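The values are calculated or read from the model by the stated rules, or taken from the named source; none is laboratory data. Predicted, not measured: the structure shown is a model, and the values here were computed from it. Note that each Cβ is placed from the backbone with ideal geometry, even for glycine, and that neighbours are counted across all protein chains shown.
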Amino acid sequence: MAGGGNNVARMSPRQRMINLMYIVLTAMLALNVSSDVLNGFSQVQEGIDRTNVNMSARNKVQFEYLEGLYAKNPTKAGAAWERGQKLRDESVRLYDMLEQYKTQIAKKADGENGDYHNIVNNDDLEAASVTMLNPASMEGRKLRAALGEYSKVVTAMIADPAKRKSVSDMLATKDSPAPGSVTPLPWEQRMFENMPAVAAVTMLTKLQNDIRQAESEALSSLITSVDIGDVRVNELNAYVIPNSNMIIRGGKYSANIVLAAIDTTQRPTIYVNGSRLTNPDGLYEFVPGAVGTHDYSGYIEVARGDGSVDKRPFKSSYTVIEPMATISPTMMNVLYAGINNPISISVPGIPMNAVNATMTNGTLTRNGDTWIAHPGKVGTEAVISVSAQLEGRTQQVGSMTFRVRKLPDPTVYLPVKGADGNTVHYKGSPRRISKAMLMGAEGLGAAIDDDILNVTYSVVSFTTAFVDQMGNFIPEVSDGSRFSARQREQFKRLKPGKSFFITNVKAKGPDGITRDISPMEVALN
């Protein structure tokens, strides 16, 4: 079909048809899969089958070994054996599912007598798609879900992070693009769409091999977990295990002094700073006095099997700190009258349920792990005092003084609809708004919204002032916080580019105080 458009126009209908058939034939030859390639899939299939047989035999031996451990010591190996049973059942179920899919694909390609070990129509491109991608049965999607659930089960049994990730990657069914494409395809579509029957069967056999390998890794991890709890000792050392190295003055220091691999039938003898410890369990405790870091040392004596005494030294230290509390206001370093002020109160080393606090010039209440301060008289200081339960007694651990201020005046605004349909606060010129936005506003609002305080006020009343053609101001009074009918009539008469003033604004805050607010100029586009 060489030549330009004029050559094509001069061709007879018969010649055009012949050329079109030539193009179709060339495309069909390009799509045809080489018989050598298909035979190669058959050889790979046989090799993976042999590997699966060997892996199955290995896994059987591992499971029998796990059963033997359970028979010898049910208490020790019981949990691992139960998980191993679940692993075996899940592996068999998924393996058999793949076996059924292989048989169905072979029969779809060769008929009811089809055998996936010897597929006659191995280049059949429909068998795998019809079996796995049928919208009615959705077997490919079911297989993908089954592999995902199996991956969760098997990886939960593998302790080693590197092996766990390797198995997870091996069983992954993520969407990915086909070769030469950037658009991700569903896993099942990429696996089975337009896939020759022999290649699809080989891929399913490979998945069976992945299952056997994952099962083997999990069984090895379960067997190892049975013995990992055994303690094998070739060295004896003394250890000091304190409850805490940081102690509040007045609190109690507690530490366990133990010998690793201790014999419960024969307790060791413990000496601390030259004095024998009378507690047979090795619990060493006292009430420290001076603030600072203090060292102590000693040794442990234990009798050997030959009658000799093994002596192991130890040393440790502890730190005594002054009682202190951390008190920080969540919003700022002052308290405001008339509103709830969130306060964070904590004592290092003390649980929250053992901390208590009180407040002067107001009330202080607990709300979970946060406190709410509600101060009283403005201009008078408020003191928050903190106490904590230490060793069964209450101890004062700190206090902080706050200044009490009244709430600042709010800023008035017009709640108008923006271009995106969301409500925004218009706070006057030099910004301008459209007349439509003004007509859509119901009234006036007032609030403190400076990202430090977020307090809403109630507008009681306000006045709008319009300038007529003679330069005179025409005042109109609102209907509470809403625009009155007369004010809206004035809005309708406003021309583009004009402005008016909102004055005499009175707003009432949560502290109950009604205050006069600064005026605002509203400018139209």
key: residue 475 vs. criteria in contact (Cβ under 8 Å) with a residue 12 or more places away in the chain and either part of a helix (DSSP H, G or I) or more than 30 Å from residue 378 (Cα to Cα) (or both)   = yes
task = Please enumerate the residues belonging to segment 187-228 that are in contact with a Lys or Arg (Cβ under 8 Å, 6 or more places away or on another chain) and either β-branched (Val, Ile, Thr) or not in a helix (DSSP H, G or I) (or both).
result = 201, 205, 226
ask   = Condition test on residue 452, is it modelled with pLDDT of 90 or more and either part of a strand (DSSP E or B) or within 30 Å of residue 333 (Cα to Cα) (or both)?
value = no
request  = Select, from 221, 176, 181, the only residue that is modelled with pLDDT of 90 or more and of a type in the set (Gly, Ala, Ser).
outcome  = 221
request  = Please enumerate the residues belonging to segment 95-109 that are free of Cβ contacts under 8 Å to residues at least 12 places away in the same chain and charged (D, E, K, R).
outcome  = 96, 107
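Residues checked against (1) out of contact with any Cys (no Cβ under 7 Å at 6 or more places or on another chain); (2) within 21 Å of residue 221 (Cα to Cα); (3) surrounded by 16 or more Cβ atoms within 10 Å (Cβ to Cβ):
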residue	(1), (2), (3)
55	yes, yes, yes
64	yes, yes, no
74	yes, yes, no
80	yes, yes, yes
86	yes, yes, no
106	yes, no, yes
154	yes, yes, yes
158	yes, yes, yes
key: Every residue from segment 498-508 that is among the small types (Gly, Ala, Ser) and either modelled with pLDDT under 90 or in contact with a Pro (Cβ under 7 Å, 6 or more places away or on another chain) (or both)   = 507
ask   = Out of segment 398-427, which residues are free of Cβ contacts under 8 Å to residues at least 40 places away in the same chain and of a type in the set (A, V, I, L, M)?
value = 416, 419, 424
request  = Residue by residue through segment 408-419, note down the ones that are at pLDDT below 90 and aliphatic (A, V, I, L, M).
outcome  = 419
inquiry  = Condition first: charged (D, E, K, R) and buried (at least 18 other Cβ atoms within 10 Å of the Cβ). Now tell me which residues in segment 108-122 satisfy that.
reply    = 108, 110
message = Of the residues 480, 512, only one is at pLDDT 90 or above and on the phi > 0 side of the Ramachandran plot; which?
response = 480
ask   = Quick check, is residue 436 aliphatic (A, V, I, L, M) and within 16 Å of residue 516 (Cβ to Cβ)?
value = no
ask   = Within the bounds of segment 316-335, is there any residue that is surrounded by 14 or more Cβ atoms within 10 Å (Cβ to Cβ) and either charged (D, E, K, R) or at pLDDT 90 or above (or both)?
value = yes
query = So which of 359, 400 ends up being at pLDDT 95 or above, surrounded by 17 or more Cβ atoms within 10 Å (Cβ to Cβ) and out of contact with any Lys or Arg (no Cβ under 6 Å at 6 or more places or on another chain)?
reply = 359
Within segment 461-502, considering residues that are β-branched (Val, Ile, Thr) and closer than 18 Å to residue 445 by Cβ, the one surrounded by the fewest Cβ atoms within 10 Å (Cβ to Cβ) = 477
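Residue-wise test of (1) exposed (fewer than 15 other Cβ atoms within 10 Å of the Cβ); (2) over 24 Å from residue 489 (Cα atoms); (3) among the β-branched types (Val, Ile, Thr).
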{"position": "369", "(1), (2), (3)": "yes, yes, no"}
{"position": "384", "(1), (2), (3)": "no, yes, yes"}
{"position": "390", "(1), (2), (3)": "no, yes, no"}
{"position": "411", "(1), (2), (3)": "no, yes, yes"}
